[in-house]
Structure formats: structure tokens, C-alpha cells
Amino acid sequence: MSKPLYLEKYPHLFQPLTVGKKNIVYKNRIMVGPMQASGAYSSDTHGVINDYGVDYYTDFARGGFASCAIPIEVPAHSAHIGTLNLDEASKGFTFMHFAQRSIHAFGCRTACEIYHPGICALPEVCPPMGPSAFMYNGRMVHEMTEEDMEAVAQMYVMAARQARRCLFDAIMLHYGHGWLMNNFLSPLSNKRADCYGGSVENRVRFPLMVIKRIREVVGDDMIIEIRMNGSDRAEGGITPDDAARQALLMEEYVDMIHLSCGTRLDAHARPKMHPTCFVTPGHNIDGAEALKKAGFKKPVGVIGSVHSAEMAERFIAEGRCDYVLMARQAVADPDWVNKVRENREEDIRPCIRCNEGCLERTFFNYKAITCAVNPVVSREGELKIAPAPVKKKVAVVGAGTAGMETARVLALRGHDVTIYEEKDKKGGLLHEAAAPEFKADIRPFMQYQITALEKLGVPVVQKKATAADLEGYDAVVCATGSLPIIPHIPGVEKPIAVDCLSAINGAKPVGKKVVVIGGGLVGTETALDLAENGHSVTLVEMLPKIMKDVAVTDFLAYSERIAKTDMRILTETRLEEVLDNGARVSAKKGEETIEADTVILALGLKAEQGLYNELAAAGKEVYLVGDAVKAGEIFDAIHTAYRV
């Protein structure tokens with residue numbers, strides 16, 4: 001009997017993993033990393049998991065993953081708002097049984113991730129504390145005494161007891177990312193001169209004490225997994241060799257370890273902790289590999305943009321790790337494992353590493369987790385695609401991000417859908433968005449959208465649709481996109497002036513010396529791409545800073561990248577006139593003429609609603625989606641399209 005194709009392609013990835021003294025089996029080597037289903041959408045005001053939370057985690061199990069991790073903070077709500085609670089007072093353990101029953105039904109293991117925020121604690125809940133006293137984010141960190149350590153250890157033990165009561169299969173101890181245990185493990189934050197600081201052995205002492213205490217409570221019936229940094233990605237912090245030495249000291253008491261990176265002590269480590277488009281996929285494999293080379297005998301995993309089955313299989317086959325974990329990619333497509341197994345990798349909805357729905361909304365805006373490319377997240381039980389009660393003949397005008405998503409969803413609901421697209425290719429502004437090499441993550445997503453339409457057999461008419469063309473349709477969805485804003489400024493009609501889209505897609509040539517007017521995301525990306533490709537670039541922005549509305553993590557990543565170029569940035573500066581040989585700008589200190597071969601106008605985009613207004617005035621059933629509503633991001637395009 002021949003092997004299934006997925007076992008031919010990925011024999012290591014789909015091999016079961018046996019862990020611990022009780023030989024607990026994980027059905028494959030692909031697990032979901034810990035992610036909060038933050039906010040009131042996943043739990044009640046006491047932190048008790050609700051149906052939304054159960055649906056969120058169950059989707060990973062239904063999608064074929066071998067395990068998923070659910071985070072718990074000690075003390076509760078000490079770092080994030082809306083975290084889950086398992087305690088007796090709230091009866092959180094009772095409701096967590098609903099999640100366990102649902103997840104376990106699909107043969108998926110569960111891990112309870114436990115962490116103390118340490119120096120990052122919210123002072124109104126828990127005083128910021130760590131191995132050493134220092135000022136962090138304007139607050140003095142309390143240097144922990146042995147009595148403090150004992151109290152924290154008891155918190156971990158109690159959380160482990162509650163996790164066992166909730167029928168979790170594993171305890172996952174978060175010892176990375178600048179949380180308390182990483183504060184002890186890392187030389188960046190541990191400056192102690194006693195038996196808890198200095199050498200690797202001393203820095204491991206308290207974290208190891210907690211592991212031993214938990215092992216005493218859960219015995220060998222539960223897996224203990226450590227989530228630790230293979231590198232702090234900060235000078236003077238943990239290195240892969242240092243991490244390997246730490247792991248060897250823990251080995252006797254743990255069953256598996258997976259490697260991440262980054263610390264909250266260094267803002268520029270965050271874009272590596274939650275990898276942005278600038279980070280090489282699979283970048284944490286150096287930490288996992290260090291443990292393997294050091295002789296660590298237990299299973300070693302890796303997390304961090306391991307989004308392709310080919311990469312995951314290669315890492316395991318080469319002996320660099322034993323299993324992989326996914327977080328944002330699992331959110332983008334919870335069916336990832338099933339699609340790989342069914343030889344449908346082209347149907348996987350790729351994570352574009354934008355950090356908009358998963359990080360920006362949750363950590364910085366205190367909203368429920370969602371995803372730019374998967375609008376169902378946090379609403380799994382409500383927003384699944386269902387057959388339409390009345391089937392209609394629908395025209396979708398525009399084959400950009402929003403248009404393609406609209407057509408996909410409507411076709412799956414049973415409508416008769418036709419797309420009208422003026423250009424000879426699908427994708428709309430995704431082509432411009434994906435043009436810089438550092439935005440390559442968008443290219444697989446665009447191909448995913450195109451492939452989905454082809455497999456559904458949605459016809460595309462290459463034509464600029466008119467109201468007359470659309471008379472025979474029951475409904476029309478206008479995904480007509482947006483156009484560059486051209487200001488009423490002297491000289492913008494000169495040949496030297498080029499709109500941002502024409503500069504990006506090559507419709508207009510760009511000279512060696514460039515002035516980019518507008519420091520939003522489009523202008524900044526355009527300027528950065530040109531600067532990295534040999535152009536002399538000046539970026540001009542009216543506001544006090546560039547990239548005003550960009551996600552925090554991405555802002556840090558862009559800033560770090562820009563700092564490596566010779567790009568000149570002028571903020572609080574206004575374009576006054578486009579000249580034949582450059583641009584005249586003004587600021588508080590006066591006017592300046594900047595010589596340039598090309599002046600790129602990146603002053604935003606305006607919604608194109610002409611066709612919509614015409615159809616609406618005629619009484620047609622018509623809808624707006626994507627940039628045609630308001631120029632925005634992929635997130636906005638997908639979410640407006642999905643809900644039509």
C-alpha cells in the first residue's frame with residue numbers, strides 16, 4: 001500500500017511525537033503557540049472563558065494541530081486586560097472544561113501557559129518586580145527577596161494545580177520575552193551579586209526552583225514544556241549558547257523546550273519577538289539548533305515565522321529541531337494542517353505578518369484578537385460562511401483585495417458572481433503593496449486570492465464596468481478602490497512630479513535624487529525601498545513624525561531599517577512648490593529648496609465612488625467595500641468585503 005502524498009512530502013512533520021515518562025503522544029509535530037483571545041469577547045468580566053473563547057481555540061484543534069496553548073497570568077490580569085482565570089472563586093476551571101472537551105474531541109492536546117509579567121506588571125495589580133532594581137518605563141522595579149520568590153513560586157504552583165484540575169495535558173512555562181523568569185535568566189536584567197545572579201547556574205536557580213515545585217505537584221502525568229529565549233536579540237543578553245547551557249540545567253525536570261526570542265527591555269527586539277516583514281522566516285532556529293548541538297536530549301521546538309510546510313519539514317529532517325509551533329499563521333488559517341495533509345497548500349491563507357489584528361488591536365488597543373486576512377477570528381461561531389437564503393446574480397466591480405474577497409465569499413454562499421476588472425490582471429493595489437522586496441509576504445496572499453477565484457470558477461470580464469453593463473444583475477458590489485490624492489500646489493503638473501502608485505509600479509521613471517512628499521506608510525515604504533536600492537532620498541512630512549498610524553511593532557521595525565540608510569527625513573515640513581529641478585519646502589526655520597530628479601507625491605488615496613453613486617441614485621441594490629469605502633489597509637479591505 002502506497003503512502004499518502006502528504007507523508008511522501010513531509011514524513012517528519014506528520015510523524016507522531018512521544019513525550020515524557022508517561023509516553024504522551026502528540027499526533028504530529030505542528031503545534032499552536034500561546035495566544036490570548038483577549039478581551040470580553042473570549043471571557044466574562046472575571047476572566048472565565050466563554051463560548052467565543054472555546055470556539056477560538058477549538059478551531060485550531062479542528063484544523064489538525066497537535067496541540068494548542070492557552071495563556072494564564074499570575075497574578076490574574078497583571079499584564080493584560082481580559083486574561084483567563086481558572087480559580088475557585090470565579091469557577092473558571094469549570095468553564096475551561098468546555099474548552100477541553102471541545103479541543104480534545106479532535107485529538108488535540110492542550111497546554112496551559114503560565115507566566116508572571118515581572119518588570120512589566122501593571123502596578124495597580126502587582127508591583128513591577130525582578131531580580132534587580134532599576135527604572136523601567138518610568139517605574140522603579142522592586143528587587144525581589146527570597147520571600148518574594150517564594151510567594152511567586154506558590155502562584156505558579158497554584159496555577160499548575162488549577163491547570164491539572166482543568167484537564168490540561170501540559171504546563172507551558174513562559175521563560176522568555178522579558179517576563180519575570182526571563183528577567184532572571186537574562187544578563188540584561190539580572191545584575192544580582194548573590195546566588196541568583198552572575199553565572200548561568202545562578203541565573204537559572206530561581207526559574208529551576210519553580211520548575212521543580214511544579215513537577216512535585218503535577219508528577220509525570222502532565223508534560224512540562226519551557227518556552228524560552230534562544231536569544232534576547234539585544235546586545236549583552238541571552239545568546240544561543242547561553243540558552244543551551246540554561247536548558248541543560250533544566251533538562252532533568254522538563255519534557256520539552258521550544259525557542260523564541262526577544263525582550264521587552266529593548267524596544268527594537270519586539271519586531272523579532274513578533275516577526276515583521278523584515279525578519280527572515282524561521283529566524284529562531286539558531287536557538288533550537290544550539291540546544292541540539294549541546295546534547296539536550298528532550299524534544300526541542302521552534303516558533304517564529306515557520307509558516308511553510310517545506311521549511312518545517314526541512315528543520316526537523318535536518319535534526320535542527322523536533323517540532324514547530326505557529327501562532328499568527330494558525331490565526332490566519334486554523335485549517336493549515338488539514339490543508340497540508342489534503343495536498344491543498346495553495347488553499348492556505350498566508351499570514352502577511354502585518355501585526356494589525358493580532359497585536360495592535362489586542363496589546364495596544366485592548367480589543368479582541370482578529371486577523372487582517374481572516375475576519376472570522378473571535379467570531380468563529382457567528383461568521384462562518386453559510387448558504388444564502390436567496391441566491392442572486394451579483395456583479396463585483398474590481399478585482400483588488402476587497403473585490404476578490406467579496407467574490408470568493410459570495411460564490412461560497414451560492415450566488416452567481418461575475419467580476420469586472422479594467423486591468424489585465426487581478427490583484428489591484430496588492431501589486432504595488434508587494435513591490436518592495438521587504439513586502440514579499442503579500443505576494444503569496446495575492447496568489448491565494450487569485451487561486452481561490454480560479455478554483456471557484458468565478459468569471460472575470462476585462463472591462464471598465466458601466467451602469468449599462470450592470471443592468472442585468474440583481475446586486476452590484478463596488479470594489480472600485482482608490483486613487484492618489486494630487487494637491488493643488490504649484491508645479492504638481494510638471495513632468496518631475498510623479499504620483500506614488502506610478503513610481504512604485506514603474507509606470508513613470510524615478511531618477512537618482514528623489515524627494516518623497518508624505519510620510520505615511522506608503523510614502524515611507526516607497527522612500528525606504530528607493531533608499532535601499534541606491535537612490536538619494538529625502539522624505540518630507542507635515543506632521544511631527546512619520547508613519548503616524550502604523551502598528552507599534554512595525555513602526556519600530558521600519559525605524560530600525562531606516563536608520564541603516566542615508567535617507568533624510570524632514571518632519572513638520574510642507575511642500576510649497578514643485579520646481580523643474582526639485583521641490584521647495586517650508587518649515588518653522590524657513591524655506592529650503594531640495595534638488596531632485598523626481599518628486600513623488602504620496603499624500604494619501606481617495607475613495608473612488610463614482611459608479612456607486614450613479615447606481616445608488618438609480619435605485620440599484622449596490623454596496624461599497626474596501627478602499628471604495630475609505631482608503632485603508634488590507635485589514636479594512638478584507639473585513640468590509642467579508643461582511644457584504
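Hey, any hits in the range 108-118 for a residue that's basic (Lys, Arg), open to solvent by 10 Å² or more (accessible area, probe 1.4 Å) and either over 28 Å from residue 338 (Cα atoms) or part of a loop (DSSP other than H, G, I, E, B) (or both)? Before the answer, list the steps.
So in the range 108-118, the residues basic (Lys, Arg) come out as 109.
Now restrict to residues that are open to solvent by 10 Å² or more (accessible area, probe 1.4 Å): 109.
Pick out the ones that are also either over 28 Å from residue 338 (Cα atoms) or part of a loop (DSSP other than H, G, I, E, B) (or both) and you get none.
Scanning the range 108-118, I find no residue that is basic (Lys, Arg), open to solvent by 10 Å² or more (accessible area, probe 1.4 Å) and either over 28 Å from residue 338 (Cα atoms) or part of a loop (DSSP other than H, G, I, E, B) (or both), so the answer is no.
Of the set (1) open to solvent by less than 10 Å² (accessible area, probe 1.4 Å); (2) polar (S, T, N, Q); (3) modelled with pLDDT of 95 or more, all apply to residue 78 but (3). I need every pair where a residue in the range 618-644 that is within 19 Å of residue 525 (Cβ to Cβ) has its Cβ under 8 Å from the Cβ of a residue that is open to solvent by less than 20 Å² (accessible area, probe 1.4 Å) and of a type in the set (D, E, K, R), sequence separation at least 6 or different chains. Between residues of the range 618-644 that are within 19 Å of residue 525 (Cβ to Cβ) and residues that are open to solvent by less than 20 Å² (accessible area, probe 1.4 Å) and of a type in the set (D, E, K, R), the close pairs are 637/405.
Scanning for something of a type in the set (Val, Ile, Thr), within 20 Å of the chain's Cα centre (by Cα) and assigned to a helix (DSSP H, G or I), does the range 44-58 turn up at least one residue? Yes, the range 44-58 contains at least one residue that is of a type in the set (Val, Ile, Thr), within 20 Å of the chain's Cα centre (by Cα) and assigned to a helix (DSSP H, G or I). In the range 273-283, of all residues being modelled with pLDDT under 95 and within 20 Å of residue 31 (Cα to Cα), the one that is surrounded by the most Cβ atoms within 10 Å (Cβ to Cβ) corresponds to 275. Exactly one residue out of 91, 27 is of a type in the set (Lys, Arg) and at negative phi: that is 27.
Residue-by-condition table, conditions (1) at pLDDT 95 or above; (2) crowded, with 20+ Cβ neighbours inside 10 Å; (3) not in a helix (DSSP H, G or I):
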position	(1), (2), (3)
301	yes, yes, yes
313	yes, no, no
316	yes, yes, no
319	yes, no, yes
329	yes, yes, no
346	yes, no, no
349	yes, yes, yes
352	yes, yes, yes
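Within the range 610-631, the set of residues being touching a strand residue (DSSP E or B) at 6+ places or on another chain (Cβ under 9 Å) and either in a loop (DSSP other than H, G, I, E, B) or at pLDDT below 95 (or both) comprises 620, 621, 625, 629, 630, 631. Taking the range 161-202 as the search range and keeping residues that are in a helix (DSSP H, G or I) and touching a residue at least 60 places away in the same chain (Cβ under 8 Å), which one is surrounded by the fewest Cβ atoms within 10 Å (Cβ to Cβ)? Here the residue is 165. For beta carbons closer than 6 Å, sequence separation of 6+ or different chains, a first residue in the range 597-610 that is more than 30 Å from residue 467 (Cα to Cα) and a second that is open to solvent by 30 Å² or more (accessible area, probe 1.4 Å), the qualifying pairs are 597/512; 597/513; 598/510; 601/499; 602/522; 603/485.
For the range 17-28, taking the residues that are part of a loop (DSSP other than H, G, I, E, B) and touching a residue at least 40 places away in the same chain (Cβ under 8 Å), the one that is most open to solvent (accessible area, probe 1.4 Å) is identified as 21. Taking every residue in the range 60-77 that is in a helix (DSSP H, G or I) and pairing it with any residue that is modelled with pLDDT of 95 or more and open to solvent by less than 10 Å² (accessible area, probe 1.4 Å), at least 6 positions away or on another chain, the pairs with Cβ-Cβ distances below 6 Å are 60/32; 60/68; 60/330; 61/103; 61/108.
Taking the criterion of being of a type in the set (A, V, I, L, M), under 13 Å from residue 187 (Cβ atoms) and open to solvent by less than 10 Å² (accessible area, probe 1.4 Å), the residues of the range 235-270 that qualify are 238, 243. Please determine, by comparing only the residues of the range 480-502 that are farther than 19 Å from residue 577 by Cα and small (Gly, Ala, Ser), which one is surrounded by the fewest Cβ atoms within 10 Å (Cβ to Cβ). Only one residue tops the list, namely 502. Show me the strands (runs of 3 or more DSSP E) found entirely inside the range 374-479 where at least 1 residues are in contact (Cβ under 8 Å) with a residue 40 or more places away in the chain and open to solvent by 30 Å² or more (accessible area, probe 1.4 Å). Counting at least 1 such residues, we get 393-397, 460-462.
Strands (runs of 3 or more DSSP E) fully within the range 510-596 that include at least 3 residues being open to solvent by less than 60 Å² (accessible area, probe 1.4 Å) and in contact with a Lys or Arg (Cβ under 8 Å, 6 or more places away or on another chain): 536-540, 574-579, 582-587.
The values are calculated or read from the model by the stated rules, or taken from the named source; none is laboratory data. Source: prediction; values computed, not measured. Backbone-built Cβ (ideal geometry, glycine too); neighbour counts: all protein chains shown. In case anyone asks, the SASA skips ligands and DNA or RNA and just uses the protein heavy atoms, side chains included. Shrake-Rupley method; radii C 1.70, N 1.55, O 1.52, S 1.80 Å.
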